[in-house]
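J.: My questions all concern the structure below.
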Amino acid sequence: MPGERKFGQDNPYYDWVPVIKRSPLVWPNNARVALAVIVNLEHWDWQLPAGEPGAPSGAFRPDIATFSQHEYGNRVGVFRIFKILDKYGIKPTIAMDKEVAENYPFLVREVQRRNLEVIAHGTAPRRTIHDTMSVEEERAYIRSSIEAIAKAIGKRPIGWLGPGFQESMNTPNLLAAEGIRYVCDWANDEQPYRMKVQQGELYSVGINLDLDDDYIHNTGGRLITEYADGIKDTFDAFYTDGAKYGRMMVINIHPWIMGWPWRSKHLDVALAHIEKNGGTQVWKASGREILDWYSTHENIARA
């Protein structure tokens with residue numbers, strides 16, 4: 001029987017099942033850890049369009065500093081990240097927003113050349129799902145993001161990562177209705193799980209929030225050495241726990257943050273640790289691969 005949390009379960013989107021009450025989860029080839037890396041390709045607006053929450057009034061004043069940071073990631077940083085991931089045989093999942101899909105053809109072609117899975121990532125990091133949206137406005141927002149990816153890449157995405165992890169109480173149902181099969185916003189587990197939606201199917205393939213570079217550096221203000229240490233220590237624990245209950249490690253990367261040389265070398269150090277200590281018991285997978293495996297084997301992870 002599923003666990004219960006009273007008072008009170010905050011939302012209707014999943015059963016509350018503590019990990020120690022689940023049946024053992026084993027990944028392909030008896031791997032203990034499923035490792036996925038998400039690379040975010042985002043466009044930072046110089047200034048928010050009129051009508052967006054927080055849009056300034058008056059004269060146009062471009063946010064050059066923050067724009068330049070993000071643009072560095074798309075012009076330089078992402079290629080340094082790709083080089084490091086190539087070194088360890090990791091094919092990242094790409095979270096691409098609508099603005100990049102429509103305005104950065106070189107990046108689109110690079111992603112296609114590498115045959116990488118692309119998931120939808122909203123419109124732009126400054127234009128998120130917000131609480132003043134109607135259901136129809138949110139549906140249009142989600143649909144436009146999905147359609148932009150489908151047009152640019154030639155394949156309709158089945159995954160979603162909301163900019164800023166922002167959702168409303170309607171988002172899971174709206175995503176599933178548009179054909180999205182997994183969402184990465186819910187950072188509340190170390191395994192995938194099925195979500196309850198009104199139409200279609202939806203699974204959580206949640207990122208590990210404490211390993212998100214934006215969360216670590218900009219929100220947490222942690223030292224750069226703590227980034228590598230956090231990944232290494234998390235992996236070591238997942239590897240131990242994964243002997244019985246397979247774990248999912250989802251590392252979320254923003255090239256405008258980790259693409260700088262003084263930061264990227266710590267990503268290299270962390271991945272070298274995983275390579276050395278995990279070996280064949282680490283399954284390097286895309287979001288889609290994790291979803292496909294889990295959705296056909298989820299009965300073994302149920303209580």
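J.: Using each residue's phi in the stretch 289-295, evaluate 6.51 cos²θ - 1.76 cosθ + 1.60 at θ = phi - 60° and report the 3J(HN,Hα) Karplus result to the nearest Hz, with x for Gly and Pro.
T.: 5, 5, 4, 4, 5, 5, 5
J.: Also: Mind jotting down the distance between the C-alpha centroids of the stretch 220-290 and the stretch 116-164, whole Å?
T.: 26
J.: From the square roots a ≥ b ≥ c of the eigenvalues of the alpha-carbon gyration tensor of the stretch 162-207, which class results: rounded (a/c under 1.5), prolate (a/b over b/c), or oblate?
T.: oblate
J.: Sticking with this structure for a sec: When the chain is treated as a GNM, springs tying every alpha-carbon pair under 10 Å, which of G221, G242, G179 comes out with the largest mean-square fluctuation?
T.: G221
J.: Taking 8 Å as the Cα distance limit and 6 or more residues as the minimum spacing, I'd like the relative contact order of the stretch 153-271 as a percentage.
T.: RCO, the stretch 153-271: 21 percent.
J.: So, counting K/R as plus one and D/E as minus one, what does the shell of residues with Cβ under 11 Å around T171 add up to?
T.: -3
J.: In a shell of Cβ-Cβ distance under 15 Å around R181, excluding R181 itself, what net charge do Lys and Arg (+1) and Asp and Glu (-1) give?
T.: -2
J.: As a quick test, which of the pairs K98/K265; K196/K276; K98/K196; K91/K151; K87/K155 have an alpha carbon distance above 32 angstrom in this structure? Intermediate values should be presented prior to the final figure.
T.: Details: K98/K265 30 Å; K196/K276 38 Å; K98/K196 27 Å; K91/K151 22 Å; K87/K155 27 Å.
Table pairs above 32 Å Cα-Cα are K196/K276.
J.: Something else: In whole Hz, with x marking every Gly and Pro, tabulate ³J(HN,Hα) for the stretch 66-71 from phi via Karplus 6.51 cos²θ - 1.76 cosθ + 1.60, θ = phi - 60°.
T.: Using θ = phi - 60°, the values come out as 6, 4, 5, 4, 5, 5 Hz.
J.: Once you have the Cα-Cα distance between I224 and Q199, take 0.36 nm times their residue separation minus that, and quote the gain in nm to one decimal. Walk me through the numbers before you get to the answer.
T.: Working: separation 25, 0.36 × 25 = 9.00 nm, distance 4.29 nm.
Gain on extension, I224 to Q199, equals 4.7 nm.
J.: With a 10 Å cut-off between alpha carbons and a GNM built on the chain, which of T240, T219, T123 moves the most?
T.: Largest GNM mean-square fluctuation: T219.
J.: Which cross-chain or sequence-distant (5 or more) residues have an amide H under 5 Å from the amide H of N252, H modelled 1.01 Å from N in plane?
T.: The answer is I38, N208, D212, D213.
J.: About the Cα centre, and with charges only on the beta carbon of Lys, Arg (+1) and Asp, Glu (-1), how big is the dipole of the stretch 219-284? Nearest 20 debye, please.
T.: Its charge dipole is roughly 120 debye.
J.: Roughly how many nanometres apart are two label points built 7 Å out from the Cα toward the Cβ at I20 and F106?
T.: 5.3
J.: Now for a different question. Counting Lys and Arg as +1 and Asp and Glu as -1, each charge on the Cβ, what is the dipole of the stretch 155-295 about the Cα centre in debye, to the nearest 20? Let's see the in-between values first.
T.: On the way: 14 positive and 19 negative charges, 80 e Å.
That gives a dipole near 380 debye.
J.: Which of the three applies to the stretch 48-181, rounded, prolate or oblate, going by the alpha-carbon gyration tensor with a ≥ b ≥ c and a/c under 1.5 meaning rounded?
T.: Judged from the Cα gyration tensor, the stretch 48-181 comes out oblate (a/c at least 1.5, b/c at or above a/b).
J.: How big is D, in µm² s⁻¹, for the chain by Stokes-Einstein at 37 °C and 0.692 mPa s if Rh is the Kirkwood radius over C-alpha pairs?
T.: On the way: Rh = 19.9 Å.
So the translational diffusion coefficient is about 165 µm²/s.
J.: Would you work out which of N11, I142, M169 lies farthest towards the positive end of the dipole of the chain, given +1 charges on the beta-carbon of Lys and Arg and -1 on that of Asp and Glu, about the Cα centre?
T.: Positive-most Cα among the choices belongs to I142.
J.: Moving to a separate point now. How charged is the neighbourhood of V282? Take every other residue with its Cβ under 11 Å from the Cβ of V282, and add Lys/Arg as +1 and Asp/Glu as -1. Mind dumping the intermediate values first?
T.: Details: positive: R32, R247, K276, K284; negative: E275.
Local net charge: +3.
J.: For K87 and R61 in the same chain, what is the full-extension length gain: residue separation times 0.36 nm, less their Cα-Cα distance, in nm?
T.: Length difference between fully extended and current span is 5.2 nm.
The numbers here are math on the coordinates, done by the rules we state, and not lab data. Source: prediction; values computed, not measured. A quick note on method: Cβ atoms are made from the backbone with ideal geometry, for glycine too, and the neighbour counts reach across all protein chains shown.
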